[in-house]
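The values are calculated or read from the model by the stated rules, or taken from the named source; none is laboratory data. Note that the coordinates shown come from a computational prediction; the quantities given were computed from them, not determined experimentally. Side chains included, ligands, DNA and RNA excluded: accessible areas come from the protein's heavy atoms. Shrake-Rupley method; radii C 1.70, N 1.55, O 1.52, S 1.80 Å.
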Amino acid sequence: MENGTYAQYIDNKAHGDDIILTRVLSKYSVLDAVLDGVSMGNGKRGSQLTAEKLERGVIENQTHLGEIVREANEELSSSAPIGETTLTATLKIGNKLYVLNTGDSPAYLLRNNGVIE
C-alpha cells in the first residue's frame, strides 16, 4: 500500500465501514491503523473522519497520535451519543512500538511463537 493511502470497504454489512491506513512518517517511523466503523450508526463517518485526521496530522511521537485521536473523538462526540468507530493503531518509532486501542477491536503482538493481546 502506498504511503498516505487507505483502503475503504463500503457497504460491507457484516463488518460496518472499515478502513486500513498505512503511513510512512519518516525513515524510522510508520503508522498503521485499522478503523472498524460501527454497523448500527454512522460508522462510515466515524472511520472516515478519524482516518483523514490520521492521514493529514503531524505525528512525531505517541503524544501526537493520542491528540489526533482525542480531536476526532471530540468532533464525533459532539454529534453522536455513542462511538462511531473503533481504532487499533500501531506507531513504530525507531525500535519502539506504541499501540493505541479504542473500542473493542484488539491488537495482537506475535513474538517468539506466542501471541499477546
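Classify region 45-117 as rounded, prolate or oblate, taking a ≥ b ≥ c as the square roots of the eigenvalues of its Cα gyration tensor: rounded when a/c is under 1.5, otherwise prolate if a/b is larger than b/c and oblate if not.
Oblate.
In region 20-117, what percent of the accessible surface is made up of carbon and sulfur (1.4 Å probe, ligands and nucleic acids excluded)?
So the carbon and sulfur contribution to the accessible surface is 52 percent.
When the Karplus curve 6.51 cos²θ - 1.76 cosθ + 1.60 is applied with θ = phi - 60°, which whole-Hz ³J(HN,Hα) does each residue of region 50-55 get, with x for Gly and Pro?
Ordered by residue, 3J(HN,Hα) equals 5, 4, 4, 5, 5, 6 Hz.
Amide H to amide H under 5 Å from residue 105: which residues, 5+ apart in sequence or cross-chain, H placed 1.01 Å off N in plane?
Answer set, sorted by chain and number: 87.
How much accessible area per residue does region 15-117 have, counting only protein heavy atoms and a probe of 1.4 Å, in square angstrom?
60 Å²
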